[in-house]
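Readers should treat all values here as calculations from the given coordinates under stated rules, not as data from a laboratory. Being a predicted model, the structure only gives us computed values, none of them experimental. A quick note on method: Cβ atoms are made from the backbone with ideal geometry, for glycine too, and the neighbour counts reach across all protein chains shown.
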Amino acid sequence: MAILVDIDVMLARRKMAVGTLAEHIGITPANLAVLKNGRAKAVRFTTLAALCEVLECQPGDLLRWEPDDAAGTSVR
């Protein structure tokens, strides 16, 4: 199971820099980079809510699920 993060898409649509977004939501640019590059293991709901508020979007605009290789996956 792969959860993909589309923060870059919303940043481009809003013509906003990563540093500006990080400042508005109250996290470091390094932590935002971890999240937007898909390296985060978790995201707090408060952070997700702040992202949605600043970017004026829904959580589904930022996160999406794509199955792993369909032939080799199993449901857990």
note = Going fewest to most other Cβ atoms within 10 Å around each Cβ, VAL54, VAL9 line up as VAL9, VAL54
remark   = Percent relative contact order for the chain, counting Cα pairs under 8 Å at least six residues apart, stands at 50
message = I'd like the trypsin sites (Lys or Arg not before Pro) in region 20-56 restricted to DSSP loop residues with at most 14 other Cβ atoms within 10 Å, sorted by number.
response = ARG39, LYS41, ARG44
